[in-house]
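The values are calculated or read from the model by the stated rules, or taken from the named source; none is laboratory data. Treat the numbers as computed from the prediction; the structure is a model and nothing was measured. Positions of Cβ are backbone-derived with ideal geometry, glycine not excepted, and every protein chain shown enters the neighbour counts. Ligands, DNA and RNA are stripped out before the accessible areas are found, and what is left, the full protein with its side chains, is counted by its heavy atoms. Shrake-Rupley method; radii C 1.70, N 1.55, O 1.52, S 1.80 Å.
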Amino acid sequence: MLRRTLSCHKIRQDLHRFRPLFTTKTMNYQLVCLLLSLVNGVSTQWNTNDFQRREHSLVKPYQGSGMGVPQWDFMGSTMVTNSYIRLTPDRQSKTGAIWNSVPCYVQNWEVHIQFKVHGSGKTLFGDGFGVWYTKDRMKSGNVFGSAHPFTGLGIFLDTYSNHNGPHNHNHPYISAMLSNGSLLYDHDSDGTHTQLAGCEAQVRNKDYDTYMAIRYEDNTLKVSTDIDNKSGWKECFSVAGVKLPVGYYFGMSAATGDLADNHDIISVKFYELDIEESKKVPAYSGLPEAVSMDPPRDRVDDNKGSFVTGGMSGWKLLVVIILLIIGVCICGMVGFVIFQKQQENSRKRFY
């Protein structure tokens, strides 16, 4: 798991107490500081038992000898620069994606994604981006720029400010969805009826680096973020009982609609986790499944603030009917009283 390294200044402070132990004849003080800072950078930043798999990683400089990105394919509005890979610009109705061309046969892994979501919108913006581990790749669609139904895992960062449907959370929002090829992502409910878990994540327009970590180990999916400039991970959610087959592809896609944002990928670093031999199990080859996944639920229409135009079922329908009956009775009584008054006035005119 990622941790930030200590500064050389801090190391110098710690070494100052032991400086009398070193002499110019035996060891140079500055050289000791440099060597220890490098060792510290390795030992505190990464678990040395885990190692980076370059075939699934994406770091600067992105381009190879030609115009392409080695072992990655891109499509749509994706633009590769020296500093970032922009999936969509801050313009309406754009989609873009970048997909790893090498299938992943690692059973336990962790991927760190450095990203930036920013744009000119202050209160209205969207739509968001997705991180994929799926059977198929390079298929454009309307789920954050990728196609559905899909087979595999999708991690969605939904930034759509005017979110759909009645929710108990704010946006931007990170959620996970697992599909065996039959589930559909419901945009009208922002996927709340097919998600494994989720959390709020205020990631837009930050003036510092933002990160997301996706860890899959021992059939447990864990998503963490570093979006508060705290130089450490904060758990978003963890779901046990998730089975993912090997041989699928990693990808990232983004989309804009009536609202827009820049969706930039800075780096993708993939790590194979070191697992004890006694804990290793045969690779799973079935369809993706999750023990704790909620079953698909009927979509609840958004009432958009109107009591009458919302879902007309259950107690709400009964209340509407009662109110209509009461209204008709009141109108009838008022009409009868007015009629009686008119009859009395008419009789008085004849006397």
task = Hey, can you grab everything whose amide H is under 5 Å from the amide H of SER57? Only 5+ residues off in sequence or another chain; H modelled, so Pro and N-termini drop out.
result = PHE270
ask   = By per-residue mean of other Cβ atoms within 10 Å, what is the highest-first order of 335-344, 144-153, 110-119?
value = 144-153, 110-119, 335-344
remark   = Sorted on mean Cβ neighbours within 10 Å (highest first), peptides 92-101, 247-256 come out as 247-256, 92-101
query = Quick one: with all protein chains in place, what share of the accessible area of region 167-294 is carbon or sulfur, to the nearest percent (1.4 Å probe)?
reply = 43 percent
note = Expected unfolding gain across SER93-GLU277 under the 0.36 nm per residue rule, minus the alpha-carbon gap, is 61.3 nm
remark   = Each label sits 7 Å from Cα toward the beta-carbon; between ARG53 and ILE330 the label points are separated, in nm, by 6.8 nm
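Please report the net charge: other residues with Cβ closer than 10 Å to the Cβ of SER77, K and R +1, D and E -1.
Numbers: positive: ARG86, ARG91, LYS94; negative: none.
My count for the surroundings of SER77 gives +3.
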request  = Please arrange ILE326, ILE155 by accessible surface area, largest first, computed with a 1.4 Å probe and ligands excluded.
outcome  = ILE326, ILE155
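Hey, what did region 53-156 get for relative contact order, percent, Cα under 8 Å, at least 6 apart?
Details: 121 pairs, mean separation 21.4, N = 104.
This gives 21 percent for region 53-156.
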